[in-house]
Amino acid sequence: MNYNKIVFFDLDGTLCPNNDLKVSVEMIELLKTFPERGILPVIASGRSFYETKPLLEMLAIDSYILSNGCYVVCQGTVVKESFISNVIIQNVLSLARKNNHDVGFFHQNGYAFTGISTATSEHLSSMNLSKNIIDPNYYRKHKINFLNIYLPKKEETIYQNIFAKQANFFRYAPMAIDVLPSDVSKSQGITILLSAMNGKNISTYAFGDQNNDLSMFSKVDYGIAMKQATRELKQKASYVAQTDFGVVEGLKYYHLV
């Protein structure tokens, strides 16, 4: 099918405003009209495939950029998967132990943690993650796409000062930062997906709410920030929603529905 527009949707706080991987009935009905309008919907999320699979199947979406760009699928075909090296993982773990921070290991089929502190538990609850698998050696048994470190914002620089040239850091929740391979971002994921589609002369739109969406907004033609989005993302946006129904509002503003 030929598409003349692509719309990239962040999930938590955007397409799924309650961080519960649930989409409103109105939005489900609007997505059904996308094919006849020549629009390809793409999920662009920090979540992994094991979390999003039921939602993707329910919405019949076969193109997605997951784990903030680690896993890129274009119309049902995996076109890129990135992994963080064990050397970096071991160095992060060493520093985390010195600072009493838990680390989470994530790939597309599961996850585990080095421990469950108050900060880690708070994050798991906010993201509706119910399995608390503690296995400090999990990365030795699985190829890991990215790490989480559970810590307040003021302590981020402990890691960024040391690993800035080796990894990308994104904060998408109050008590967690993502640690990604250095060449990975939502923007890079969009580049890879467009290349796989030979997507020239296609108008691109993105909806988001957090700073891990900044690179995505830099890449697309139009970035739509949710009403509750971060100040930095609103400054980058071409449109800022005025209501709590920011996705529907943005789609209507740009005459996509």
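The values are calculated or read from the model by the stated rules, or taken from the named source; none is laboratory data. Remember, predicted model here, so these are calculated numbers, not experimental data. Cβ atoms come from the backbone with ideal geometry, glycine included; neighbour counts cover every protein chain shown. For accessibility, only protein heavy atoms count, side chains too; no ligands or nucleic acids. Shrake-Rupley method; radii C 1.70, N 1.55, O 1.52, S 1.80 Å.
All but one of (1) out of contact with any Leu (no Cβ under 8 Å at 6 or more places or on another chain); (2) assigned to a helix (DSSP H, G or I) hold for Asn18; state the number of the condition that does not hold.
Single failed check for Asn18: (2).
Only one of Gln228, Gln242, Gln235 is under 20 Å from the mean Cα position of the chain (by Cα), surrounded by fewer than 19 Cβ atoms within 10 Å (Cβ to Cβ) and not in a helix (DSSP H, G or I); which?
On the way: Gln242 fails: under 20 Å from the mean Cα position of the chain (by Cα); Gln235 fails: not in a helix (DSSP H, G or I).
Of the residues listed, the single one that is under 20 Å from the mean Cα position of the chain (by Cα), surrounded by fewer than 19 Cβ atoms within 10 Å (Cβ to Cβ) and not in a helix (DSSP H, G or I) is Gln228.
May I ask you to list the residues in region 155-164 that are surrounded by fewer than 21 Cβ atoms within 10 Å (Cβ to Cβ) and modelled with pLDDT of 90 or more?
In the first step, residues of region 155-164 are kept if they are surrounded by fewer than 21 Cβ atoms within 10 Å (Cβ to Cβ); the result is 155-158, 160-164.
Residues satisfying the conditions are Glu155, Glu156, Thr157, Ile158, Gln160, Asn161, Ile162, Phe163.
Would you confirm, using the coordinates I've provided, whether Tyr172 is assigned to a strand (DSSP E or B), open to solvent by 40 Å² or more (accessible area, probe 1.4 Å) and of a type outside the set (A, V, I, L, M, F, W, C)?
Working: assigned to a strand (DSSP E or B): yes; open to solvent by 40 Å² or more (accessible area, probe 1.4 Å): yes; of a type outside the set (A, V, I, L, M, F, W, C): yes.
Against the criterion (assigned to a strand (DSSP E or B), open to solvent by 40 Å² or more (accessible area, probe 1.4 Å) and of a type outside the set (A, V, I, L, M, F, W, C)), Tyr172 qualifies.
Examine region 103-120 for a residue that is open to solvent by 50 Å² or more (accessible area, probe 1.4 Å), within 30 Å of Glu232 (Cα to Cα) and over 16 Å from the mean Cα position of the chain (by Cα), and state whether such a residue exists. Give the derivation first.
First, the residues of region 103-120 that are open to solvent by 50 Å² or more (accessible area, probe 1.4 Å): 109, 116, 118.
Narrowing further to those that are within 30 Å of Glu232 (Cα to Cα): 118.
Restricting the remaining residues to those that are over 16 Å from the mean Cα position of the chain (by Cα) gives 118.
Scanning region 103-120, I find at least one residue that is open to solvent by 50 Å² or more (accessible area, probe 1.4 Å), within 30 Å of Glu232 (Cα to Cα) and over 16 Å from the mean Cα position of the chain (by Cα), so the answer is yes.
Applying the selection to region 83-102, what residues are part of a loop (DSSP other than H, G, I, E, B), open to solvent by less than 40 Å² (accessible area, probe 1.4 Å) and either in contact with a helix residue (DSSP H, G or I) (Cβ under 7 Å, 6 or more places away or on another chain) or more than 18 Å from Ser185 (Cβ to Cβ) (or both)? Reasoning before the result, please.
Initially, region 83-102 is screened for residues part of a loop (DSSP other than H, G, I, E, B), giving 83-85, 99-102.
Next cut, open to solvent by less than 40 Å² (accessible area, probe 1.4 Å) only: 84, 101-102.
Within region 83-102, His101, Asp102 meet the criteria.
Let's see how each residue does on (1) touching a residue at least 12 places away in the same chain (Cβ under 8 Å); (2) among the aliphatic types (A, V, I, L, M); (3) within 23 Å of Leu11 (Cβ to Cβ):
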| position | (1), (2), (3) |
| --- | --- |
| Asp102 | yes, no, no |
| Gln108 | yes, no, yes |
| Ala119 | yes, yes, yes |
| Pro152 | yes, no, no |
